1. Does V144 satisfy the condition of being assigned to a strand (DSSP E or B), open to solvent by less than 20 Å² (accessible area, probe 1.4 Å) and either under 20 Å from V189 (Cβ atoms) or touching a His at 6+ places or on another chain (Cβ under 6 Å) (or both)?
2. Give just the number: which of (1) closer than 24 Å to D220 by Cα; (2) without any contact (Cβ under 8 Å) to a residue 40 or more places away in the chain does G54 not satisfy?
3. Restricting to segment 29-41, give me the number of residues that are surrounded by 17 or more Cβ atoms within 10 Å (Cβ to Cβ) and more than 15 Å from C206 (Cβ to Cβ).
4. Those residues that are part of a strand (DSSP E or B) and polar (S, T, N, Q), I need them from segment 8-42; list them, please.
5. For residues in segment 78-93 being open to solvent by less than 50 Å² (accessible area, probe 1.4 Å) and at pLDDT below 90, which is farthest from the chain's Cα centre (by Cα)?
6. Is it fair to say L102 is in contact (Cβ under 8 Å) with a residue 60 or more places away in the chain and not β-branched (V, I, T)?
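The values are calculated or read from the model by the stated rules, or taken from the named source; none is laboratory data. Keep in mind that this is a model prediction, so the values were computed, not measured. Cβ coordinates were reconstructed from backbone atoms using ideal geometry, including for glycine residues, and neighbour counts include every protein chain displayed. Just the protein is used for accessible areas: all its heavy atoms, side chains included, with ligands, DNA and RNA removed. Shrake-Rupley method; radii C 1.70, N 1.55, O 1.52, S 1.80 Å.
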Amino acid sequence: MGESAVEFDGVTYAYPGGEAVVRDVTLRVERGEVLGILGPNGGGKSTLLKLMLGLLAPDAGTIRVMGESAVEARRGGMVGYVPQLSGVNRRFPVSVRQAVVLSAGVHGREREGERVDRALELVGMAAYGRAPIGRLSGGQFQRVQIARALAVEPSVLVLDEPTVGIDVAGQQRFAALIERANRELGVTVLLVSHDVRAIASGARRCDRVACLSRTVHFHDAPDGLTPQVLADVFRHDIEGVFGGVHVEAHRAEDCPGDHAHGHDDEGGCC
């Protein structure tokens with residue numbers, strides 16, 4: 001077993017007056033690993049990220065990032081964070097290069113130009129340096145956000161719902177980009193999504209997948225991401241659609257016929 005990049009040990013957090021959003025999470029991410037974190041909306045993914053970034057303090061348990069506390073790691077530029085596109089202001093009047101320079105300068109001016117050039121080249125946006133960010137496509141803007149995160153030369157890159165609003169071709173380019181960043185820079189990658197397809201389509205690039213719904217239900221190689229695991233993790237989402245109907249994942253060949261099916265409360269095929 002290699003050295004750890006991120007460690008959650010028995011981490012629990014509840015917002016004031018509420019139940020625990022994250023409960024007894026124990027998770028270890030090795031250095032250089034690509035980890036997909038999959039879970040439903042409201043399952044605690046965003047809270048887990050805030051805890052890892054040192055923006056929230058756990059009620060119980062500990063978090064270490066590259067051997068440091070979460071707060072120390074963030075202040076030291078060890079974590080590059082790419083937020084959801086919906087939470088980013090695209091009307092800010094700056095060029096692509098200026099946007100990346102603003103990020104690179106946060107942790108000092110040393111080698112700033114070199115770091116900016118390298119980040120833009122790696123994400124395929126070097127030719128767009130003078131372009132206003134407001135005129136970029138969703139996929140291009142996402143690549144600029146990744147360049148901003150990489151310009152600080154982080155040890156860990158965290159991406160929150162990175163493929164939302166991006167077309168299939170853009171998602172394929174994104175997957176290749178992350179694979180390149182991981183391979184060439186040795187950066188540890190945490191890819192966070194509620195979309196099963198976003199994680200499954202990149203499963204060959206993920207070393208492991210962690211399924212989170214308040215607590216960790218699964219943490220292993222993508223091969224173990226079975227329909228039953230997904231049913232357990234997304235149970236609340238399914239119940240919200242089907243009401244009180246009991247839904248259980250199973251193999252199609254276990255039921256007669258070739259139509260779509262579920263289970264009734266007696267466990268028979270419907």
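1. When the stated conditions are applied, V144 does not pass them.
2. Every condition holds for G54 apart from (1).
3. The total comes to 1.
4. Of everything in segment 8-42, those that are part of a strand (DSSP E or B) and polar (S, T, N, Q) turn out to be T12, T26.
5. Residue satisfying both the conditions and the ranking: V88.
6. no
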